[in-house]
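Reviewing the structure listed below.
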Amino acid sequence: MIWDYPQPFTLPLTPLADDIDGLHHTNNAVYVRWCETVGWAHSATLGLTMADYQRLDRAMAIRRGTYDYLLPTVLDEQLTLATWLTASDGKLTMERRFQLIRDRDQATILRGCWDLVCIEISSGKARRMPAEFCQAYLPALSGPLPLQE
């Protein structure tokens, strides 16, 4: 597959009957849910789960999400969704990107991007990323490393 960035974290997917809308293709909201699923799976692989977020009272929250829906998909199509962490300032923010490819012809179906900000869960306020976040996430960046002070 031709990926936008090297070393993707991938998840195979197949639209099911409940994913198909009145236009007979996968509903756009399903793609958003799939992005959340692959994002959490990638985070868990890197060593940070929801339980860790709660223990640390910190989370990477979506500040902005953008999705480019390029082609439709239909019931039972074999797809592969990839994600990468592509940027971080090493303090408060990260960027996560997505690319969905249809397996049979390698066509890119969707590209997405999340701008993430570290928050304190208990207050909802922006807070510096804890050391555990930096240790897990920064080495996984597919883009340039953040400048260190």
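The values are calculated or read from the model by the stated rules, or taken from the named source; none is laboratory data. Only a predicted model underlies this, so the values are computations on that prediction, with no experimental measurement involved. Here the Cβ is made from the backbone with ideal geometry for all residues, glycine too, and neighbour counts use every protein chain on show.
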Test: residue in segment 7-22 that is in contact (Cβ under 8 Å) with a residue 60 or more places away in the chain, within 24 Å of GLU132 (Cα to Cα), polar (S, T, N, Q) and in a loop (DSSP other than H, G, I, E, B): yes
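Every residue, every condition in (1) modelled with pLDDT under 95; (2) among the acidic types (Asp, Glu); (3) within 22 Å of TYR137 (Cα to Cα), yes or no:
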| site | (1), (2), (3) |
| --- | --- |
| LEU46 | no, no, yes |
| TYR53 | no, no, yes |
| ILE62 | no, no, yes |
| ASP68 | no, yes, no |
| VAL74 | no, no, no |
| GLU77 | no, yes, no |
| LEU85 | no, no, yes |
| MET94 | no, no, yes |
| GLN99 | no, no, yes |
Positions within segment 35-50 being under 21 Å from ASP18 (Cβ atoms) and touching a helix residue (DSSP H, G or I) at 6+ places or on another chain (Cβ under 9 Å), in sequence order: TRP40
Residue list for segment 48-74, filter: surrounded by 12 or more Cβ atoms within 10 Å (Cβ to Cβ) and of a type in the set (Gly, Ala, Ser): ALA59, ALA61, GLY65
Strands (runs of 3 or more DSSP E) wholly inside segment 44-149 that include at least 2 residues being farther than 15 Å from PRO8 by Cα and within 18 Å of the chain's Cα centre (by Cα): 58-69, 93-102, 108-120
In segment 45-60, the residues that are free of Cβ contacts under 8 Å to residues at least 24 places away in the same chain and of a type outside the set (Val, Ile, Thr): MET50, ALA51, ARG55
Count of segment 1-20 residues which are surrounded by fewer than 12 Cβ atoms within 10 Å (Cβ to Cβ) and either at pLDDT 95 or above or within 10 Å of VAL74 (Cα to Cα) (or both): 4
